[in-house]
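Presented below is the structure to which this report refers.
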Number of protein chains: 2
Amino acid sequence: MTDGSEWIARREASSLARLKQFLAIPSVSTRSEHRDDVARCAAWLAAELRRMGFKAECHLTPGHPIMVAEWRGAPAGAPSVLLYGHYDVQPPEPLELWDSPPFVATERADRIYARGAADDKGQLWIHLMALGAWLEARGSLPVNVVLLIEGEEEVGSPSLPGFLAAHQARLTCDHVVISDSVMFAPGIPSILSSMRGIAYFELTARSAPTDLHSGQYGGVVGNAAGGLARALASLQHADGRVAVVGFYDDVRDVPPERRGRLASLPFDERRFASEVGVGLLVGEDGFAPLERLWYRPSCDVNGIWGGYTGEGSKTVIPGTAQAKVSFRLVPDQTSVGVERQLREHLAALSIPGVTFDLRQLHGAPPWSAPLDSAGVEAARRALATAFEHEAIITGAGGTIPIVSELERHFGNRMLLIGFGLPGENAHGPNEWISLDNIRRGARAMFSLYEELGSSTSGALAGRAKHSPGR
Amino acid sequence: MTDGSEWIARREASSLARLKQFLAIPSVSTRSEHRDDVARCAAWLAAELRRMGFKAECHLTPGHPIMVAEWRGAPAGAPSVLLYGHYDVQPPEPLELWDSPPFVATERADRIYARGAADDKGQLWIHLMALGAWLEARGSLPVNVVLLIEGEEEVGSPSLPGFLAAHQARLTCDHVVISDSVMFAPGIPSILSSMRGIAYFELTARSAPTDLHSGQYGGVVGNAAGGLARALASLQHADGRVAVVGFYDDVRDVPPERRGRLASLPFDERRFASEVGVGLLVGEDGFAPLERLWYRPSCDVNGIWGGYTGEGSKTVIPGTAQAKVSFRLVPDQTSVGVERQLREHLAALSIPGVTFDLRQLHGAPPWSAPLDSAGVEAARRALATAFEHEAIITGAGGTIPIVSELERHFGNRMLLIGFGLPGENAHGPNEWISLDNIRRGARAMFSLYEELGSSTSGALAGRAKHSPGR
C-alpha cells in the first residue's frame, strides 16, 4: 500500500492554486446579494470534478444548488463512498478584523487564510487532492465515489432532506465520509463518533396583559420576569445537574470504552478555561470536563428578555417575559421526551400570578457511532500512518444536523474525519486551515479510499449496517 | 364660612375656557421639538397669574422654565402656602388611540379630555379657580400664596433641587399643597399621606468575556443568564416576601391608625384584579392588598435581558446577562441600607462560574406624614363639605420624588390632595379629568385657603413643623 504521497506532492502546487480559486468565490449562502456567486461556485466545482473525470451536475433547489458528482468505475463489487461537504460559507464580516482579504486566499505561517478555508472548502479539497492523486497515479479509484456538496449548510440545509428523499436510490452507499470538523489538537488525528442532540425551547411567562407600574401594583400582582427567573432557576441544581424529574431516566451510562479513552487525551483543564476566558470550569459533579461536554446532557439558558431593558430605571412590572432554554441530549434521550418532562415540571411549579407557555423551537436526536466498525478501523489505520500519531475518538457537544439526516437515509455508517483545528475561526475573521493538515489529510484519505476499496461492498460497513437510523 | 360656590360658578365658563387654552399648548417636556411650546406655556401661565393679581416670573433653567407667582397681601401674621404643580405634560403618542385630539380640550360626559387634563394642568387649575374666586369675591386672599410651577416634572425635575436651594428663603412657607394625585374612588376625597420609597438596581451577571457556543461549552462553563435567574429567584419567597437577610429589620409595623382605616375603604379585590387584567391578586401572606400596596415593602424584577433574544433558536451561552430589580421601601428602610443587604446576599450566593456586579441606579426614601396635623384637619373639613363625603387617608405605592425634595427643604408640612381619578389615563391616550371634581375641588380649595388663613403663621403647621425632612 502507498499513501500516494509522491503523487500528492507532485500535484500540490497546481491543486492549491485551484483551491485558492475555489476560496476566491464569495459563496455566502445567507446573503441574497451573493446568490449568483453561490451558483457560480457550484458550477465551478462541477467543472473541476468533470475535469477530474467525474460526471457532475448542479441540481437547482428553491435555495442554492446541490452539486452531485459521481465516479462509478470501480471494480465490480467495490464499495461505494458518499462524500458529503458544502461549498457555501459564512459571511466574512466584520471585514476590518481580517489581516488579509477574506476572499483572497493567503498563505502565512504554513496556513491558508480565507473565508471557507476550514469550513468547509479547504477540508473538502483534501478529498479532491486524494481522489485526483488516485486518478492521476492509477487512472481509476478503488471505490465508487459520489460527492454530495451542498450550498446551504450555513443556512440549515433546507433543501437537502427533500433531495436525499428524491435521490435515495442513486445515493445509496456503503460509507458516508464527512470532513467538516476539527481535530482534537494539532498533530492528533481525530474520528468524531458521537454528538449530543438538542431540545430547544422558548418559554413565555405571563402575569398581566401589559406592563404595570411597580409603584401602583408592586406587592399585589405577579411578575412575569421574576416568575420566569424562578422557573429557570428550578430547572437545575447549583452544579448544573438538571432538576427536571425523569430527565436522566433515558441517559445511557457513558460506555467504558469511551470513558476510559478520555483520561488519556491531552486535555489541560486550566489551559482550556483560560483559552475560553473563564476562571474555572464548572459543571455536574462526578464527571470529567470532556465527559460532561461529549457524553453528558446539559441545560443552558440561551437568552432571556422582558420588561424594561434600556438605560437607567423604569419602574415596570413586566407583564410578559421570555427565555430561550435548551437541553443537550445524549442517547437515549429524545427531544419529545424532554419536552414532556419539562411540561410536567412547569405544571408542578406553583408561582403565584404567573402562567407559562412552552414551545419547542428545535429538536435533534443525539448520535453515536459504533467504535468497532470496519470503517472506523480503516480510518484509524489511514490516519495513524499519515499523521504518525494514533487517531483518537472524539465527541461533539453540539449537534451537526446533517449527520442525523444522512443517518436517517443511509443508516449509521458515517465516518466523520475532521482536518480543522481548534482556533481555526471557522465563522469569524481570519479563518484558516493548516497546510500540514492538508498534506497529511490528503495522504490519509488516499489510504482510506484504498483500505475501503480492498473489501467488497457491504463487508466493511460492519455492524453499522445493522443499526439503521432512528 | 362660605365655600365660594357662587363665585366659582359665576366664573366657571370663562375659567374653563382659559383652562382649555392652557391645555392647547403642547408643553411636552421630553421632546426637544416642543422646547418653544414649553417656554410659551410657562409664559402663558405667568401672564394668567399676573392678570389675577400675582407677581409672576419665569425663571430660566438649563432645561425648562420654572414659573413662580406670589401674592403676599394677606393680613400680618397670616400663614403662607406654597402651591406646587407642573405645567409640562407627557408625550401624547400613540395619537391614533385618542378619540379627540390631545391638544384640543374636549368635553364629553362631564369630563374634559386632553393631554394634561389630569396630570397636572387640570388639577393645578382647580387652585387657580379657587384663588381667582377669592380675589374676585373679596379682593384679597386669606393667606400668602406662592405658586411654584415647574416644566420638568415629567423628566424627573432636574432643575428643581437647585432652584429650591437658591430660593429657599423666599419660598419658605407654612404649608405645601400639591394636587397631582388621584382620589381613591369617584366621590371620595382623598388625602395622600404616605408613599413608598425605592431602591432600584442594575444587576449584571458575568460568566465569560463573550457568548459561547452551547454545544461546544454546555456543561463545563457557567451561564450568566442562568446564574442571573438563580440570583433573582433567591431574592424572594414564593409569596413575594423578600428573602434578603435583614430586609425587614427596619420596617416599622403599620401604625394601627392607618391599618384600621384600610378595612373601611371600598375596595373590591376581585374587581381590582379584573380591572388590571390579572386573574387574582398575589403577595405577602398575612397582609391585605391595600396594606401590601401602601404600607409593605415589595420587590420586582423590572427588566431582564441577555443572550439571544431574536426569532428562532441560537445556541449560545450568554457571557453577560442583566436585570433591573427594585425594592419599594417603607419607613424606616433606606436605599443605602437595602443596597448593603443586597450586596451581602449576592456575596453569600454561590453560583459556580458566575460573578455579579450590582449598581444602584436610583434611590428615594419612603415618606409618611402625620395624620393629626392641623393642616390635615383643615383639609379634611374642606373636602368633606365640598364632596359631601368624609375625606380618607390614602397611601401611594410609588415614589413621588418631588415630595421628598420639598420635605427636605421645608420640613414635613405637605398636603397632598388629588383630584384625579383611577382610570384617568394620566400618561396614556384619552387622558381626562372629571368636571364634577373640578367644581367640587375648587370649592374645597376655596374653603381650605380660608381655614388655613383663619390661623396665624406657624400655628396650623402643628407638629409637622417639628419633624423636618430626613
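The values are calculated or read from the model by the stated rules, or taken from the named source; none is laboratory data. No experiment lies behind these values; they were computed from the predicted model shown. Here Cβ is always computed from backbone atoms with ideal geometry, including for glycine, and neighbour counts include all displayed protein chains. Please note that ligands, DNA and RNA were not included when accessible areas were found on the heavy atoms of the full protein model with its side chains. Shrake-Rupley method; radii C 1.70, N 1.55, O 1.52, S 1.80 Å.
Normalising by the residue count of chain B, find the relative contact order in percent from Cα pairs under 8 Å and 6+ residues apart.
25
Between amide H atoms placed 1.01 Å from N, distances below 5 Å from B:Gly418 occur with B:Ser181, B:Ser190, B:Leu192, all of them 5 or more places distant or on a separate chain.
Measuring between their Cα centroids, the range A:181-198 and the range B:323-356 lie 44 Å from each other. Counting Cβ atoms of other protein chains within 10 Å of each Cβ in B:233-243 and taking the mean gives 3. For the set A:Lys121/A:Lys324; A:Lys55/A:Lys121; A:Lys20/B:Lys314, the pairs lying more than 23 angstrom apart at their alpha carbons are A:Lys121/A:Lys324; A:Lys20/B:Lys314. Residues whose amide H comes within less than 5 Å of that of B:Leu361, counting only those at least five positions distant or on another chain, are B:Tyr200, B:Phe201, B:Glu202 (H built at 1.01 Å from N in the peptide plane). Residues B:Val254, A:Val403, sorted by accessible area with the largest first, give B:Val254, A:Val403 [1.4 Å probe; ligands and nucleic acids excluded]. For the pair B:Tyr248 and A:Val104, a Förster radius of 60 Å applied to the C-beta separation gives a FRET efficiency near 0.35, rounded to the nearest 0.05. Inter-copy label distances at B:Arg138, using a point 7 Å along Cα-to-Cβ, come to 11.6 nm with the shortest given first.
With the contact rule set at Cα under 8 Å and sequence spacing of 6 or more, what percent relative contact order holds for the range B:353-431? Write down the numbers at each step before the final one.
Details: 28 pairs, mean separation 23.2, N = 79.
In percent, rounded to a whole number, it is 29.
Between identical copies, the spacing of A:Val336 label points, each set 7 Å from Cα toward the C-beta atom, reads 6.3 nm from nearest to farthest. Working from Cα positions, state the angle (0 to 90°, nearest 10) between the long axis of helix B:435-453 and the longest principal axis of chain B. Value to nearest ten degrees: 70.
Rounded to the nearest 20 debye, the dipole magnitude of the protein assembly as shown is 160 debye, with +1 charges on Lys and Arg beta carbons, -1 on Asp and Glu beta carbons, and the Cα centre as origin. Residue-wise HN-Hα couplings along the range A:194-203, as the Karplus relation 6.51 cos²θ - 1.76 cosθ + 1.60 with θ = phi - 60° gives them from phi, are 7, 8, 7, x, 8, 10, 10, 10, 10, 10 Hz; Gly and Pro carry x.
Scalar couplings 3J(HN,Hα) for the range A:216-232, obtained by applying the Karplus form with A = 6.51, B = -1.76, C = 1.60 to θ = phi - 60°, are 6, 10, x, x, 10, 10, x, 10, 4, 6, x, x, 5, 4, 4, 5, 5 Hz; x denotes Gly and Pro.
For the range B:335-469, the share of accessible area belonging to carbon and sulfur comes to 50 percent (1.4 Å probe, ligands and nucleic acids excluded).
Checking every one of the GluC sites (Glu not before Pro) in the range A:228-326 against DSSP loop status and a limit of 11 other Cβ atoms within 10 Å picks out A:Glu311.
Remark: mean inter-chain Cβ contacts per residue of A:277-290 equal 5, using a 10 Å Cβ-Cβ cutoff to other protein chain atoms. For the range A:297-315, a decrease in accessible area of 30 Å² or greater in the assembled protein chains relative to the isolated chain, with a 1.4 Å probe, applies to A:Asp300, A:Val301, A:Asn302, A:Ile304, A:Trp305, A:Tyr308, A:Thr309, A:Gly312, A:Ser313, A:Thr315.
Can you tell me the accessible area per residue over chain B, all protein chains present, probe 1.4 angstrom, in square angstrom? Provide the component values of the computation, followed by the final result.
Values: 17380 Å² over 470 residues.
Heavy-atom SASA per residue in chain B reads 37 Å².
Relative contact order, whole percent, for the range B:19-167 stands at 32, derived from Cα pairs under 8 Å and 6 or more residues apart.
Among residues other than A:His64 with Cβ under 9 Å from its Cβ, the summed charge is -2 (Lys and Arg +1, Asp and Glu -1). Okay, which of the range A:311-329 sit inside 19 Å, backbone N to the point 7 Å along the Cα-Cβ direction of A:Leu358? Once the point is set 7 Å along Cα→Cβ of A:Leu358, A:321-329 turn out to lie under 19 Å by backbone N, inside the range A:311-329. Remark on B:Gly411: its backbone amide H falls under 5 Å from those of B:Gly469, a criterion applied only to residues 5 or more positions apart or on other chains, H modelled at 1.01 Å from N. Summing Lys and Arg as +1 and Asp and Glu as -1 over all other residues whose Cβ lies under 12 Å from the Cβ of A:Pro422 gives a net charge of -1.
Each other copy places its own label point for A:Arg35 at 4.7 nm from this one, sorted shortest first, where the point lies 7 Å along the Cα-to-beta carbon line.
Rounded to whole numbers, the Karplus 3J(HN,Hα) couplings from phi for the range B:157-167 are 6, x, 8, 5, x, x, 5, 4, 5, 6, 10 Hz, using 6.51 cos²θ - 1.76 cosθ + 1.60 with θ = phi - 60°, and x at Gly and Pro. Dividing the helix sum by the residues of chain A, where each DSSP H run of 4 or more adds -39500 (n - 2.57), gives a mean residue ellipticity at 222 nm of -10500 deg cm²/dmol.
Against chain B, whose longest principal axis comes from its Cα atoms, helix B:121-138 is set at around 20 degrees. Between helix B:401-410 and chain B there is an angle of about 60 degrees, using the helix long axis and the longest principal axis of the Cα atoms.
Buried accessible surface for the B/A chain pair comes to about 4900 Å², total over both chains, computed with a 1.4 Å probe.
Report the calculated FRET efficiency for B:Leu95 and B:Gln216 (r = Cβ-Cβ distance, R0 = 56 Å), to the nearest 0.05. Calculated value: 0.70.
Grab the eigenvalues of the alpha-carbon gyration tensor for the range A:1-114, scale each by 5, take roots, and send me the semi-axes largest first in whole angstrom.
28, 22, 11
Cα centroids of the range A:357-397 and the range B:30-78: 79 Å apart.
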